[in-house]
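Reviewing the structure listed below.
The values are calculated or read from the model by the stated rules, or taken from the named source; none is laboratory data. For clarity, every value in this text was computed on a predicted model and none was experimentally measured. Here the Cβ positions follow ideal geometry from the backbone for every residue, glycine too, while neighbour counts run over all protein chains shown. Just so you know, the surface numbers come from the protein's heavy atoms only, side chains and all, with ligands and any DNA or RNA stripped out. Shrake-Rupley method; radii C 1.70, N 1.55, O 1.52, S 1.80 Å.
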Amino acid sequence: MKVEYIRSMFPTLSRKVYGKDLVYFDNAATSQRVCTVIDEWNRMSTESNANIHRAVHRLSDEATQAYEQTRSAVRSFLNAKETREIIFTSGTTEAVNLVAFSFGEAFVSAGDEVIVTEAEHHSNIVPWQLMCRRKGAVLKVLPVDDSGHLILDSLDDLITERTRILAVTHISNVLGIINPVKDIIRICHSKGVPVLVDGAQGAVHCKVDVQHLDCDFYVFSGHKLYAATGTGVLYGKASLLEQMPPYMGGGEMVGTVTFGETTFAPLPMKFEAGTRNISSVPTLIKAIDFINLLNDNELIKSNEEVKGYLFRTLTSDERIRLYGVPRGTGEDKIPLFSFTVKGVHHEDLALILDKMGIAVRSGQMCAEPLMDRFGVTGMLRISLAPYNTMQEAEYFVECLDKAINMLM
C-alpha cells in the first residue's frame with residue numbers, strides 16, 4: 001500500500017495554497033475527507049434525502065437503512081456488545097455534554113466529586129464544570145508531569161467514596177501521548193467509579209475495543225476520522241444508559257406523549273431527539289472502510305519513519321521545546337508534535353508557514369489549563385495522517401527553520 005495511492009483518495013491534497021503544494025499538518029483538528037466519504041454524502045443528499053424511522057415511503061426506508069447500518073458498523077468498529085449502546089451525536093463535544101448532563105442527573109448529588117485530567121480538551125472540562133455547578137459537586141484534577149504523562153500515582157488519593165465518575169482523554173490533542181486508559185479504568189472500577197474516555201484522537205490512532213478496555217463511555221468525532229463533519233458517536237454501557245434521563249426532548253425519542261406525561265423510547269432512540277444528520281452519518285461506514293485499508297505493513301512502516309524523523313529533528317533543535325515526550329521507544333506517542341520556539345510567537349510562525357503552503361495549528365488548542373501548566377500562552381502543533389509523506393516532513397523542517405530565522 002503506497003502513500004501515493006492513499007493520497008490519491010483525498011481530493012483536497014492536490015490543491016495549491018499561495019502557489020505552493022498544500023502540506024496539510026492539522027489533522028488533529030480535522031482530517032481531510034476521503035473521496036468515498038464525499039461520494040456517499042452526495043449520494044445520500046441526492047438520492048435518499050428523507051427523514052428516518054418515520055415515513056413508509058421508499059426514500060425514508062433507504063435513509064433509515066443507511067443510518068441503522070452505520071450504527072451496526074460503528075458497533076463492530078468499537079466492538080460494543082449491542083447496537084443499542086451506540087448513540088449518534090454531532091461530535092465528541094455533544095457526546096461529552098450528553099453524558100455530563102444525563103449521568104449527572106441520575107447519579108451526582110451535592111458534595112459528590114468528578115475527576116478530569118490536566119491534559120483534557122475544553123470539551124472534556126467545561127461540561128463537567130457546568131454539571132458540578134448545577135449539582136453542587138466538586139471537580140478534581142489528575143495532574144501531568146513535566147513530560148506530559150499522567151501522574152497515576154496520584155489517582156488513588158484523588159478517588160474517594162464521593163467520586164462518581166472520571167473523564168480522561170485517550171490521547172491528548174496537545175501532547176500526543178497515548179494515556180494508559182485501561183490501567184485508569186481498572187483502578188477506578190476497583191473503587192466503583194465509572195470512566196468516560198474521550199476518543200477524539202484515540203479512535204483515529206488506536207484500535208479501540210470498548211469491551212477489552214471495559215470503559216463505561218467512549219466518545220469520538222467523525223470529522224477527525226475522515227468522515228463528514230457534524231457526526232459523532234457516544235458508546236455507553238446499556239446498564240448505565242438505561243438509568244440516565246434523556247439529554248434533549250422532542251421528536252423520535254418518545255414513547256407516548258400527553259400533556260400530563262411523556263414516556264421515552266428505548267435505547268438508542270431515547271438519546272437521539274429530532275431530525276438527525278441523515279446525509280452525514282452514513283459516511284462513517286466509508287470512513288471505517290478506509291481505516292481498515294490502513295492496516296498495511298508498508299504504509300505503517302512509512303508512517304513510523306516520518307514520525308521518527310520529525311521527533312528526532314524537533315528534539316535535537318535547541319531553539320525548540322517539545323511538549324509530550326514519549327518514554328523509551330516512542331510507541332506511546334502518535335505523530336502529533338506541539339512545541340514552542342524561544343523568543344518567537346507561535347502565531348507568527350503559523351502565518352509564515354501558511355504562506356509556504358503548510359497548514360499547522362497555533363494557539364491554546366482548546367486546552368488552556370494545560371498551557372497554564374507549562375507556563376505558555378500557546379504552542380505550534382503539527383499533526384499527521386497516513387497520507388502525509390517524508391517529502392512533506394522534510395519540506396516542513398526546512399520551512400520552519402527559515403521562519404524561525406526570519407523572526408529571531
Most to least accessible of Ser90, Ser60 (protein chains only, probe 1.4 Å): Ser90, Ser60
Probe 1.4 Å - accessible area at Ile187, Å² to nearest ten: 30
All lysines inside 23 Å of Lys191 as judged from Cα atoms, apart from same-chain residues fewer than 8 positions distant: Lys135, Lys140, Lys182, Lys237
Between helix 58-78 and the chain: long-axis angle, C-alpha atoms, 0 to 90°, nearest 10: 60
Among Gly199, Gly260, Gly274, residue whose mean-square fluctuation peaks in a GNM of the chain (springs only between Cα atoms under 10 Å): Gly260
Dipole of the range 22-166, positive direction: furthest Cα of Asn97, Leu150, Thr30, with charges on the beta-carbon: Asn97
Ranking by accessible area, most exposed first, for Met379, Met356, Met408 with a 1.4 Å probe: Met408, Met356, Met379
Amide proton proximity set for Thr163, modelled H, under 5 Å, gap of 5+: Glu113
Estimated FRET transfer efficiency (Arg319, Asn295; beta-carbon r; R0 51 Å; 0.05): 0.85
Computed accessible area, Tyr323, all protein chains, 1.4 angstrom probe, square angstrom: 10
With all protein chains modelled, accessible area of Ser221 [1.4 Å, Å²]: 10
The chain, relative contact order in percent, only Cα pairs under 8 angstrom and at least six apart counted: 23
Thr263/Arg133 FRET efficiency (R0 30 Å; Cβ-Cβ; nearest 0.05): 0.50
Summed residue charge, Cβ within 13 Å of Asp183's Cβ, Lys/Arg positive, Asp/Glu negative: -2
Pair Leu152, Ala29: separation of 7 Å Cα→Cβ label points (nm): 3.3
Listed residues Arg75, Arg327, Arg276, most fluctuating in the chain (Gaussian network, C-alpha, under 10 Å): Arg327
Listed residues Gln391, Gln65, Gln129, most fluctuating in the chain (Gaussian network, C-alpha, under 10 Å): Gln391
Cα gyration tensor shape of the range 83-188, rounded if a/c is under 1.5, else prolate or oblate by comparing a/b with b/c: oblate
Chain lengthening between Met248 and Val141 when straightened (0.36 nm per residue, less Cα-Cα): 35.7 nm
Local electrostatic count at Ala167 - Lys and Arg +1, Asp and Glu -1, tallied over other residues with Cβ under 10 Å: -2
DSSP beta bridges in the chain [antiparallel fraction, %, rounded to 5]: 60
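Assign unit charges at the C-beta atoms only (+1 for Lys and Arg, -1 for Asp and Glu), then state the dipole size of the chain relative to its Cα centre in Debye, rounded to the nearest 20.
Approximately 460 debye in magnitude.
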Segment Glu4-Arg58, length gained on full extension (0.36 nm per residue, minus Cα span): 15.4 nm
Solvent-accessible heavy-atom area per residue, rounded to whole Å², over the range 190-336 at 1.4 Å: 43
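At 222 nm, what helix-only mean residue ellipticity would the chain give, in deg cm²/dmol to the nearest 500, using -39500 (n - 2.57) for each DSSP H run of four or more?
-11500 deg cm²/dmol
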